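All remarks here apply to the structure that follows.
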Amino acid sequence: MKFKEIEQLYLEGLVGQYDLNEVKGIFSLVVESICGWSINQINIHIHQEASILEYNNLISALAELKTGKPVQHVIHAAWFYGKQFEVNADVLIPRPETEELVEWILQSLNTSADLLDIGTGSGCIAITIKSKRADVTVRAMDVSKDALAIAKRNAALHHTDIEFLQEDVLNYTTEQNFDVIVSNPPYITQQEKQEMHNHVLLHEPHLALFVTDENPLIFYKAIADLAMNVLKPEGYLFFEINEYLGREMMDMLRDRNFTDILLKKDMQGKDRMIRCKKGT
């Protein structure tokens, strides 16, 4: 069977879950993973006959996708800031808005620095920053041992020297001081679950996603309190945030005497990230 005909099987099999362009993108990712082709090569070879092995692997992947499994979990990889990261059900799939947060951090780092990434997951934030700025010392922590195993493999894949710690930020203390702290902690309330796609609800770690409706800022408050103790004067605190809680976040940071608080929108116009400073 030709690759073009297999693509049609994908279009027919996934039409109820994704739109046309999404299915074509998913098919390209699977072909790239199985055949090692670039997008241009896929276009060149789209009318070529698939080998028996290629056909079987592509159909097996389609069967997994039909269950609602994200394509990143099917191919065990996701792209972030131009790099490929191993992912599975133990870590969040990196999102484009997190790339924007990383870009903001890199733009803000004028000198060498000590950085702490809290809730590192796949390690995408810590590894990307370290790969772009070798002069930054990076430590990354997560409560999940399984997530840290993935992060460590990703760090080795990208030849980045990062210290990983298994810690719960709600109980974490340290004598170390940092120039930068960054976190993309759990922030989705229980009420917001109904707005989420089953691809996320059924396949991504709830530990990294959800907080209670009663205390949605629990992790932000703990991290802000930690930052007030361990950030150096004029040190930066960066957060990715719930788009609906920007005002509450700014008030919380003001209450803790952070300065230069800046709420920033993502590419979709949503309040998605905050930067602030520890005062002198």
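The values are calculated or read from the model by the stated rules, or taken from the named source; none is laboratory data. Note that the coordinates shown come from a computational prediction; the quantities given were computed from them, not determined experimentally. Neighbour counts are summed over all protein chains in view; Cβ atoms, including those assigned to glycine, are modelled from backbone coordinates with ideal geometry. For the accessible areas, the whole protein counts, side chains as well, though only heavy atoms, and no ligand, DNA or RNA atoms are used. Shrake-Rupley method; radii C 1.70, N 1.55, O 1.52, S 1.80 Å.
So here's what we get for this one:
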| read-out | value |
| --- | --- |
| Leu62 being under 30 Å from Ala227 (Cα atoms), crowded, with 18+ Cβ neighbours inside 10 Å, of a type outside the set (Val, Ile, Thr) and touching a residue at least 12 places away in the same chain (Cβ under 8 Å) | no |
| Pairs where the first residue, in segment 217-243, is closer than 17 Å to Ser108 by Cα and open to solvent by 10 Å² or more (accessible area, probe 1.4 Å) and the second is of a type in the set (Ser, Thr, Tyr) and modelled with pLDDT of 95 or more, C-beta under 7 Å, 6+ apart | Tyr236/Ser108 |
| Output for segment 170-188, where each listed residue is β-branched (Val, Ile, Thr) and open to solvent by less than 20 Å² (accessible area, probe 1.4 Å) | Val180, Ile181, Val182 |
| Test: residue in segment 26-36 that is under 28 Å from Lys265 (Cβ atoms), free of Cβ contacts under 8 Å to residues at least 24 places away in the same chain and open to solvent by 20 Å² or more (accessible area, probe 1.4 Å) | no |
| Hits in segment 49-59 - residues which are among the polar types (S, T, N, Q) and surrounded by fewer than 13 Cβ atoms within 10 Å (Cβ to Cβ) | Ser51, Asn56 |
| Any chance Trp79 is of a type in the set (Phe, Trp, Tyr) and open to solvent by 60 Å² or more (accessible area, probe 1.4 Å) | yes |
| Residue, farthest from Ile105 (Cα to Cα), within segment 249-280, restricted to residues that are in contact (Cβ under 8 Å) with a residue 60 or more places away in the chain and either of a type in the set (A, V, I, L, M) or touching a Pro at 6+ places or on another chain (Cβ under 6 Å) (or both) | Met267 |
| Spans of helices (runs of 4 or more DSSP H) in segment 85-196 with at least 1 residues under 27 Å from Gly279 (Cα atoms) and of a type outside the set (Gly, Ala, Ser) | 96-108, 124-132 |
| Failed item, numbered, when Asp114 is tested on (1) open to solvent by 40 Å² or more (accessible area, probe 1.4 Å); (2) within 14 Å of Ile181 (Cβ to Cβ) | (1) |
| Scope segment 135-161; condition in contact (Cβ under 8 Å) with a residue 60 or more places away in the chain and either of a type in the set (S, T, N, Q) or open to solvent by less than 10 Å² (accessible area, probe 1.4 Å) (or both); matching residues | Ser144, Ala147, Ile150, Ala151, Asn154 |
| Complete set of residues in segment 231-280 that are of a type in the set (Ser, Thr, Tyr) and assigned to a loop (DSSP other than H, G, I, E, B) | Tyr244, Thr280 |
